[in-house]
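The values are calculated or read from the model by the stated rules, or taken from the named source; none is laboratory data. These numbers were taken from a predicted model, which means no experiment stands behind them. Reconstructed Cβ throughout: ideal geometry from the backbone, glycine too, with neighbour counts over all protein chains shown.
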Amino acid sequence: MPSTTSEPAFVRRAGVLHAEHVPLPAIVAAVGTPAYVYCAGTIRDRLARLEAAFASVPHRIHFAMKANSNLAILRLLQELGAGVDIVSGGELFRAREAGFAGRDVVFSGVGKTVREIEQALDAQVLLINVESEAELVTIDAVAGRLGTVAPIAIRVNPEVTVDTPHAYIKTGEKGQKFGIPRDDVARLVSLVRELPHVELRGLGMHLGSQIGNADPMRDALPRLLAAIAAARAEGHAIAYMDVGGGLAVPYHAEEPEADIADYAGVVLAAARETGLTLLLEPGRFLVAEAGALVTEVLYRKHAAGKDFIVTDAGMNDLVRPALYQAYHRIEAVESAAGTIVADLVGPICESGDFFAKDRELPDVGAGALLAVQTAGAYGYTMSSNYNSRPRPAEVLVDGDRFAVITERERLEDLVRLERAHLQWRTA
Ligand SMILES: Cc1ncc(COP(=O)(O)O)c(C=O)c1O
């Protein structure tokens, strides 16, 4: 039975942490550690919540697959009727493999190559989101060469103040590389009229990530609406208004959930005013809370008056703490007797390789399993082979069943594309 559940993805039963109805130790016995474990019910629940919140207007939810691009996760969302927001030819390839049609795809990103634009046009994507004048001219040229007309949207940078937990996840502020500065939008809209192989079908924006309230949206929407009105006044047949992603999820236990009703209220009013089809690009909201990174404790260490818990997962598996100083809740898979203030660190040769610093953590020793929570978004997709570490396995749980959705990389995978015997060439 497929599960849809507003229960937390990971629940403790008889002292043992379960993913839905599967005990995590059973998954570890099958696939080892480190392993990403995702709960299908939570993904279904989050999509259903968003669908319900926006049901009163024509809309489409395009999962920002940079958050989690595993084929099984994509298939799950595709079967539930979502589309995708992509940012590369690689993501387009994955999306097609997962069964998404071209019309299910919007193509964002500040640096699309000619090859990627060709691929997007071949696939007949719904929209290519334009991020600069140079890109607009390139899309027109590529579409002309292919004898087609590219459906485009202009990504507006509304230049509003965005309050996010880390500067690296702001995008809709002045001075960011993303989108067209709002003062330049009118000029670009006019330029579209002179280009025969692009058709302006939408305007959009994406303000940033981990946005916990509707204030930036409230500030930005009038600017987007003004751009839409101006484009319509110039005769463009605008059909779509894209408000991007960015909905926050709680990473701390005591943090409140994002107020979807408030956010939706603000966006719905604007969507109704325009009569356009609303596009949403949530990434993190759909998958973050569905996933945990399960790791085994290798060692305890005491140095310079500090305690360290050393795990077999490292920053190559989950880089968010190192990159964004992100907080992830840590839970013992089997209840620990007590707690200890310690650093939870990985085996990588970097002092930035930690999951928690000076934190009250379960007092566990070697062999214990820990779950690094809220790791379903920007976890595996940002993982690497740094320190020549094979990437972890990924597992999907649905009710009382689980399936391996990505095998653990093998050592041979590390050198698969490398050549020991060089074939030297001259220019
Ligand atoms: C254009 C665009 N849309 C959507 C998203 C998804 O953001 P989030 O995962 O915060 O919902 C991103 C994230 O970087 C993005 O760049």
Enumeration of residues in region 79-88 that are surrounded by 19 or more Cβ atoms within 10 Å (Cβ to Cβ) and either part of a strand (DSSP E or B) or more than 16 Å from the ligand (Cβ to nearest atom) (or both): 83, 84, 85, 86
Which residues, counting only those in region 16-50, are over 15 Å from residue 400 (Cβ atoms), touching an Asp or Glu at 6+ places or on another chain (Cβ under 6 Å), outside any strand (DSSP E or B) and not polar (S, T, N, Q)? 34
With respect to residue 57, determine if the residue is among the aliphatic types (A, V, I, L, M) and assigned to a strand (DSSP E or B). no
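Return yes when residue 189 is of a type in the set (Val, Ile, Thr) and either touching a Lys or Arg at 6+ places or on another chain (Cβ under 6 Å) or within 17 Å of residue 278 (Cα to Cα) (or both) and no when it is not. Spell out how you get there, then give the answer.
Details: of a type in the set (Val, Ile, Thr): yes; either touching a Lys or Arg at 6+ places or on another chain (Cβ under 6 Å) or within 17 Å of residue 278 (Cα to Cα) (or both): no.
Taking the combined requirement at face value, the residue does not satisfy it.
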Looking at 222, 216, which is the one that is within 16 Å of the ligand (Cβ to nearest atom) and assigned to a helix (DSSP H, G or I)? 216
Exclusive hit being part of a loop (DSSP other than H, G, I, E, B), at pLDDT 95 or above and among the small types (Gly, Ala, Ser), set 356, 366: 366
Filter region 268-304 for residues that are assigned by TED's automatic domain parsing to the domain that holds residue 201 and on the phi > 0 side of the Ramachandran plot and give the result. 275
Among the candidates 279, 286, 323, residue that is crowded, with 24+ Cβ neighbours inside 10 Å, over 30 Å from residue 26 (Cβ atoms) and within 14 Å of the ligand (Cβ to nearest atom): 279
Among the residues of region 95-123, write down those that are assigned to a helix (DSSP H, G or I) and either in the same structural domain as residue 240 (by TED's automatic domain parsing) or within 16 Å of the ligand (Cβ to nearest atom) (or both). 95, 104, 114, 115, 116, 117, 118, 119, 120, 121, 122
Which of the residues that make up region 251-276 are surrounded by 18 or more Cβ atoms within 10 Å (Cβ to Cβ) and not hydrophobic (A, V, I, L, M, F, W, C)? 251, 263, 274
Candidates 110, 105, filtered to the one that is closer than 16 Å to residue 204 by Cα and surrounded by fewer than 24 Cβ atoms within 10 Å (Cβ to Cβ): 110
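Within region 124-150, how many residues are within 16 Å of the ligand (Cβ to nearest atom) and over 18 Å from residue 179 (Cβ atoms)? Don't jump to the end; show me each part of the working.
Residues of region 124-150 within 16 Å of the ligand (Cβ to nearest atom): 125-132, 135.
Still in the list and also over 18 Å from residue 179 (Cβ atoms): 125-126.
Result for region 124-150: 2.
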Scanning for something buried (at least 23 other Cβ atoms within 10 Å of the Cβ), polar (S, T, N, Q), under 27 Å from residue 264 (Cβ atoms) and out of contact with any Cys (no Cβ under 9 Å at 6 or more places or on another chain), does region 211-219 turn up at least one residue? no
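Name the residues in region 262-314 that are in a loop (DSSP other than H, G, I, E, B) and free of Cβ contacts under 8 Å to residues at least 40 places away in the same chain, would you?
Of the residues in region 262-314, the ones in a loop (DSSP other than H, G, I, E, B) are 275-276, 281-283, 304-305, 312-314.
Within region 262-314, 275, 304, 305 qualify.
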Given the conditions (1) assigned by TED's automatic domain parsing to the domain that holds residue 331; (2) among the small types (Gly, Ala, Ser); (3) in contact with a strand residue (DSSP E or B) (Cβ under 6 Å, 6 or more places away or on another chain), which single one is not true for residue 64? (1)
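Could you check region 124-148 and list, in sequence order, the residues that are aliphatic (A, V, I, L, M), in contact with a strand residue (DSSP E or B) (Cβ under 8 Å, 6 or more places away or on another chain) and part of a helix (DSSP H, G or I)?
Step one: of region 124-148, the residues aliphatic (A, V, I, L, M) are 125-128, 130, 134, 136-137, 139, 141-143, 146.
Okay, now just the ones that are also in contact with a strand residue (DSSP E or B) (Cβ under 8 Å, 6 or more places away or on another chain), so 125-128, 130, 136, 139, 142-143.
Answer for region 124-148, where residues must be aliphatic (A, V, I, L, M), in contact with a strand residue (DSSP E or B) (Cβ under 8 Å, 6 or more places away or on another chain) and part of a helix (DSSP H, G or I): 136, 139, 142, 143.
Restricting to region 374-420, count the residues that are modelled with pLDDT of 95 or more and in a loop (DSSP other than H, G, I, E, B). Steps first, answer last, please.
Taking region 374-420 and keeping what is modelled with pLDDT of 95 or more, we get 374-418.
Keeping just the survivors that are in a loop (DSSP other than H, G, I, E, B) gives 374-379, 383-392, 399-400, 407-410, 416-418.
Adding up the residues that qualify gives 25.
Look through 253, 258, 264 and report the one residue that is assigned by TED's automatic domain parsing to the domain that holds residue 211, within 25 Å of residue 128 (Cα to Cα) and small (Gly, Ala, Ser). Can you show your working first?
Numbers: 253 fails: within 25 Å of residue 128 (Cα to Cα); 258 fails: within 25 Å of residue 128 (Cα to Cα).
Just a single option satisfies the conditions, and that option is 264.
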